[in-house]
Each structure stands twice: as structure tokens, then as C-alpha cells.
Amino acid sequence: MTLGVLQLPSVGMSTTKLYHYVRIAHKRGVKVLLMGEYLLNSFFKELIRTPLPMLRELSEHQLGILRELAAAYDMIFVAPLVTVRGGRPYKSIVRITPRSTAYYQQQILIDYPHWNEAAFYANPVAPVREPMTFRAGNVRFGILGGYELHFDALWRFVWEKRIDCILLPTASTFESQQRWRELIKMRAFTHNCYILRANRIGEARDGDHLWRFYGDSLLVNPDGEIENSLGDTEELMVVTVDHAHVMESRRGWKFKEAMDKRRV
């Protein structure tokens, strides 16, 4: 199956780039298009200063655009989107098909002093549940928020739900490129699945501090190898994933088989 990653800075209310890249992706046979965190919305540090009515208006505008494009090009979009419900903001990931819209609320949010999403968003703190999954063609996808990559409890669902490819939108910064690469490769290898990571680019200012996002969107295969990656500029990456490769890796490494024998 052919997938795409759209590596952009925040697009705001503008639709020009979305239309442009979606048309290119369609011509190249992309069936599922993944976008990075804080691409449709401004970065978190800017959002906390944005009035909620304005935030709701922007998100609804972008949602309408994606629905229109999904129907026009028969494509599935997976994109982080801040939603506002009952006067409170939620950090969500939306999956839009030509016929439906589904939401996944990120379950574990960053809560560091310099980047405290948990204090801003109204996402509930609760026992972890399975991430959003869906099937396209013969490939089963799972969706995780970038920060959720770190938590073992969510990864047990990858085996239980027989997920072939994790879609991972991120907004990584702070010279963390190598750490993220190693963690993604490790997770893909130990669970013998693809991980498609979309990281944003660009800058966001927070007082005197400038946040720089470095891109490095990439595809890691079920053997933990990077098959394709982008640099730090605006780009569209087109890749393929293969269910047969997933099954071959799982039969060869037998990690899941070893655990199934010991399941209580």
C-alpha cells in the first residue's frame, strides 16, 4: 500500500499548500496521508494564548477542508487536530475518509514544566485503552500520539490487534533527532511492525525562546531499519508498506510467538 507523509510547518488558515500536496499525493497513488503535530494548528505554546472561539473556528475550517479533499481524491487523512468541546480544548488525532470522520484523544500528554500539555488540554487521565485502529486494503493501521511512543502499556495492543503499521505524528525539537530515531527503530523491531513518523518543521516563538522543529519524518520497517526519511525542509514523502513483510518478520523473529506461549 502506498502512504504519504506531509512535512510542513503550521499552515494556519491557509489551504494552498494542502491542496497542492494532496493533488501531488493523489497522482502518486497515495491512499493514506499522515500529517505532523501542530501542522493544522499552531504550536502548543502559541495555542495557550489563543481564545478558544478562534481555536474552534480554525479547527472546524481545517476539518472541512480535509473532508472535502478526502471525498475529492478518495484518500484517508490522519492528522492531529485540537478540538473544542463544551468550552474545553482536547488534543486529538482525526482520521478522515471519504465517508466518515473518527477521533482519537491522545491518552498520555507531556507534563513537563517547559511543555505542559496536560495542564492545558482536557484529555482525561484514565487507564490506557487501545489506540485507534483501522484497515485500508490488507493493512491494519494503529494511531499513536508522538509522546505515547514511550509507554509500554500502549504497545501491547500492537500485537493484540495485529497492527501492521503505526502512524506516529510528532512535533519533536531540542536536538532530539537521534534519540527519536533509535526509539522508533527499537519499537518497530521488537513488535515487527512498520512505524511511519511525520514530524513538523518550522519555528515557534515563546517569549525569548525559539522552538525549532527539525523534520526527519521517516519510515521504519518491521526489522527496525529506516527505509526512507526526509531532511529538515518542506517535503512530501511517498512510501509503501507490505503486510507480507510484517508476517515474514514475525515468523522469523518469533517475538510474538514467544509471548503467546506465556500468556496468562
Restricting attention to region 125-148, report how many residues are outside any loop (DSSP other than H, G, I, E, B) and either surrounded by fewer than 19 Cβ atoms within 10 Å (Cβ to Cβ) or touching a Gly at 6+ places or on another chain (Cβ under 9 Å) (or both).
7
Where a residue in region 63-80 is closer than 18 Å to F134 by Cα and its partner, wherever it lies, is of a type in the set (D, E) and outside any helix (DSSP H, G or I), with Cβ under 8 Å and at least six apart:
P80/E37
So which residues in region 1-50 are touching a Pro at 6+ places or on another chain (Cβ under 7 Å) and small (G, A, S)?
G36
Enumerate the strands (runs of 3 or more DSSP E) found wholly within region 184-264, keeping only those where 1 or more residues are more than 23 Å from H26 (Cβ to Cβ) and in contact (Cβ under 8 Å) with a residue 12 or more places away in the chain.
194-199, 201-206, 209-214, 218-220, 226-229
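Values in this text are rule-based calculations from the coordinates and carry no lab data. Every value quoted in this text rests on a predicted model; they were computed, and no experiment measured them. Heads up, the Cβs are rebuilt from the backbone with ideal geometry, glycines too, and the neighbour counts pull from every protein chain shown.
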